[in-house]
Ligand code: MG
């Protein structure tokens, strides 16, 4: 059982900068990042815990760790000393540059009903760009061209192994771990524009808070029976469980891998339960000053302030 996170702090210097790539979300481009790993009670620096050389120049590359986890997990330095998280800790998304962010549109029967959609017989799939990703306690930025930005709490699956045409019976072998995700959604773009602009409505920068950390799959065996909650300014707006999934994690992995090769670090947002803002009377949309919280039992709380642009 291990937690994996990326943080930034002046205490850990800038030797592990993720600015080596120009393709990160602009706000992370010049951010020094440090890979940390945690057990039930302590956090450790990746460079102390992982085999020699593993982190050099690549500390931010959690995707590399995910890809090599099967061999690395047996080589952890058992003499590594735990660290205290510094007061200035800034949480980054635990995966910063996934090859794909796949999202399921309707995966809870109650959410399909509240939005007036028919129950899907095959999954509704869309995507977000990596520039949507942001970390725990980082702001969700409301775009100037939308006034109907909604919230969606979601369980996120982190793929651990490359695969294509994966049988459902083996699908969970391809899961590295799980984390909390927030599928922020501009309803006026998602549904109100010609053609139904799902991609644009879902893919504004900062529209995919993720984290605070990834929990390895061995410590989260209840992916299809986990409570999922969303709180807005402390008020519970969504309160459900993944046992109400229309399509299980295994089914989704098998289904998606019929279309495209799944790669380590790919993210799968598994859909949101009922209680979203657009379906309320009157509707509720995010406003500057709001505070959002996604809580999934066993995975912690992903909290984000909302700001204007
Ligand atoms: Mg969603």
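Of the residues in segment 85-99, at least one is closer than 18 Å to residue 215 by Cα, surrounded by fewer than 19 Cβ atoms within 10 Å (Cβ to Cβ) and in contact with a strand residue (DSSP E or B) (Cβ under 7 Å, 6 or more places away or on another chain). Taken together, the residues in segment 177-202 that are within 12 Å of the ligand (Cβ to nearest atom) and assigned to a loop (DSSP other than H, G, I, E, B) amount to 2.
The single condition among (1) surrounded by fewer than 20 Cβ atoms within 10 Å (Cβ to Cβ); (2) in contact with a strand residue (DSSP E or B) (Cβ under 7 Å, 6 or more places away or on another chain); (3) at pLDDT 95 or above that residue 199 does not satisfy is (3).
One line per residue, one yes/no per condition, for (1) closer than 30 Å to residue 147 by Cα; (2) within 15 Å of the ligand (Cβ to nearest atom):
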residue	(1), (2)
208	yes, yes
221	no, no
239	yes, no
243	no, no
259	no, no
273	yes, yes
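Counting the residues of segment 285-309 that are more than 19 Å from the chain's Cα centre (by Cα) and more than 16 Å from the ligand (Cβ to nearest atom) gives 7. Elements of the type helices (runs of 4 or more DSSP H) sitting completely within segment 37-130 and holding at least 2 residues that are over 23 Å from residue 268 (Cα atoms) and within 16 Å of the ligand (Cβ to nearest atom): there are none. Being within 16 Å of the ligand (Cβ to nearest atom) and out of contact with any strand residue (DSSP E or B) (no Cβ under 9 Å at 6 or more places or on another chain): is that true of residue 148 here? In short, no.
The values are calculated or read from the model by the stated rules, or taken from the named source; none is laboratory data. This is a predicted model, so every value here is computed, not measured. All Cβ positions, glycine included, derive from the backbone under ideal geometry; neighbour counts span all protein chains shown.
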